[in-house]
1. Just checking my list (1) 1.04; (2) 1.41; (3) 1.27 against Rg/Rh (Cα atoms, Kirkwood Rh) computed from this structure; which label fits?
2. What nm value, rounded to one decimal, do you get for the distance between Gln63 and Ala4 when each label is placed 7 Å out toward the C-beta?
3. What's the extension gain from Phe22 to Leu38 if we count 0.36 nm per residue and subtract their Cα-Cα distance?
4. What size of dipole, in debye to the nearest 20, comes out for the chain about its Cα centre when the only charges are +1 on Lys and Arg C-beta atoms and -1 on Asp and Glu C-beta atoms?
5. Could you give the semi-axes, largest first, of the ellipsoid that matches region 49-93, computed as the square roots of 5 times the alpha carbon gyration tensor eigenvalues and rounded to whole Å?
6. Return a whole-number percent for the relative contact order of the chain, with Cα pairs under 8 Å and 6 or more residues apart as the contact set.
7. Could you give the length gained on full extension between Ser91 and Ile77, defined as 0.36 nm per residue of separation minus the Cα-Cα distance, in nm?
8. Near Lys93, which aspartates and glutamates are there with a Cα under 16 Å away, not counting those fewer than 8 places off in the same chain?
Amino acid sequence: MAAAPPPPLESSPLPVFSQEGFGDKFLRKTRENPLVPLGCLCTVGVLTYGLISFQRGNTRHSQLMMRARILAQGFTIVALLGGMVVTAVKSRK
């Protein structure tokens, strides 16, 4: 028994952004998912503070900051994935 051919795929039109510059795109993406830039800033801040502690010889504090950096990176990845899920759900509606 032959199966019927699959139904044709309907493609949804992609949004068109006319000549969007870097600054405009950055602001739009930040508005769409504000937790990712926040996570990046936290990661950079903790990393910088940890490196300063390491340079001053405070190894215990430096280790604590490196562990905090890992947590900040994890937060950033979760925020990125969460933003992708929200965007996918919005595009289906």
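1. Matching entry in (1) 1.04; (2) 1.41; (3) 1.27: (3).
2. 6.7 nm
3. 3.9 nm
4. Roughly 380 debye, rounded to the nearest 20.
5. 37, 7, 4
6. Normalised by residue count, the contact order of the chain is 28 percent.
7. Taking Ser91 through Ile77 to full extension adds about 2.9 nm, to one decimal.
8. Within the straight-line limit of under 16 Å, Lys93 reaches these aspartates and glutamates: Glu10.
Where a number appears in this text, it was derived from the coordinates with a stated rule and is not lab data. What you see is a predicted model, and the numbers here were worked out from it, not measured in a lab. Cβ: placed from backbone, ideal geometry, glycine included. Neighbour counts: every protein chain shown.
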